[in-house]
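The values are calculated or read from the model by the stated rules, or taken from the named source; none is laboratory data. From a predicted model like this one, the values you see are computed outputs, not experimental measurements. Glycine also receives a Cβ, built like all others from the backbone with ideal geometry; neighbour counts cover every protein chain displayed. SASA here: full protein model, heavy atoms, side chains in, ligands and nucleic acids out. Shrake-Rupley method; radii C 1.70, N 1.55, O 1.52, S 1.80 Å.
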Amino acid sequence: HRIGLLAGREAHNRILAAERLYAGLMQKGQAGSYPTKTFEEAWQANVWPDHGWGGNRGTETDRIYVESYLKSRTLADELVSSASTQLARRVPRESAEHHTLVVYNQLSWRRTDVVRCRVAKPASWTSFRLRDSAGKEIPCQIASGTQGDAQAEITFIADDVPSVGYRTYYLEPAD
């Protein structure tokens, strides 16, 4: 039951996240076609096993419910991935030397919050800095990853991210 119910909760939250991402894309006229059929299938798989755990056929019924929740989570992950990919394709890039970070706000109000993310760090970079789309340097803290590591985890404050929108940041080499 634990595996199934956890998958169901994760799926529910991820389907909502995908809907918010698509809402943002659609609002700006940037989404291709809205994946209505996949959303319907994901929601149906998520709601269907709502009652009857341990019911008429016991473990067989429970197995079917768990499979349904797992299917819902898989579909939700596909939806989030598809929307995220569409969003990432539309974000302006500076150059190959700069790594672009996008902070998306799925809420209906402007938001300032802490961001913690893992970033790829080219081997040639001994150090890096973070700046916003206006060129302002943004203070950040390296939470993990040292010189020579291929990845680093950084923490910074994303300030005033628009409602159902995003703010772009750039990592670049520093001396």
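As a summary of the residue check, ASP175 satisfies the conditions (1) more than 20 Å from GLN86 (Cβ to Cβ); (2) free of Cβ contacts under 8 Å to residues at least 40 places away in the same chain except for the one numbered (2).
Do any residues in segment 82-106 that are at pLDDT below 80 have Cβ atoms under 6 Å from those of residues that are assigned to a loop (DSSP other than H, G, I, E, B), where the two are at least six apart or on different chains, and which pairs are they? What qualifies is ARG90/GLN30.
Among the residues of segment 36-70, just one is among the hydrophobic types (A, V, I, L, M, F, W, C), farther than 18 Å from ASN13 by Cα and assigned to a helix (DSSP H, G or I), namely ILE64.
Scan segment 138-154 and give yes if some residue there is within 16 Å of GLY24 (Cβ to Cβ), in contact with a strand residue (DSSP E or B) (Cβ under 7 Å, 6 or more places away or on another chain) and outside any loop (DSSP other than H, G, I, E, B), otherwise no. Explain how you work it out, then say what you get.
Pass one, segment 138-154, residues within 16 Å of GLY24 (Cβ to Cβ): none.
No, segment 138-154 contains no residue that is within 16 Å of GLY24 (Cβ to Cβ), in contact with a strand residue (DSSP E or B) (Cβ under 7 Å, 6 or more places away or on another chain) and outside any loop (DSSP other than H, G, I, E, B).
Taking the options ASP175, ASP159, name whichever one is acidic (Asp, Glu), outside any strand (DSSP E or B) and at negative phi. If you could, list the steps in order and put the result at the bottom.
Details: ASP159 fails: outside any strand (DSSP E or B).
Unique residue meeting the criteria: ASP175.
Considering segment 135-147, the residues that are in contact with a Ser or Thr (Cβ under 9 Å, 6 or more places away or on another chain) and at pLDDT below 80 include one that is least open to solvent (accessible area, probe 1.4 Å), namely ALA143.
Which residue, of ARG73, ARG111, is in contact with an Asp or Glu (Cβ under 7 Å, 6 or more places away or on another chain), within 22 Å of ILE15 (Cβ to Cβ), crowded, with 16+ Cβ neighbours inside 10 Å and in contact (Cβ under 8 Å) with a residue 24 or more places away in the chain? If you could, list the steps in order and put the result at the bottom.
On the way: ARG111 fails: in contact with an Asp or Glu (Cβ under 7 Å, 6 or more places away or on another chain).
The conditions single out ARG73.
Filtering segment 22-53 to residues that are open to solvent by less than 50 Å² (accessible area, probe 1.4 Å), touching a Ser or Thr at 6+ places or on another chain (Cβ under 7 Å) and at pLDDT below 85 leaves PRO49, GLY52. Screening ARG116, ARG129, ARG167, ARG89 for residues that are more than 16 Å from GLY24 (Cα to Cα), under 21 Å from the mean Cα position of the chain (by Cα) and either assigned to a loop (DSSP other than H, G, I, E, B) or of a type outside the set (A, V, I, L, M, F, W, C) (or both) leaves exactly one candidate, ARG116.
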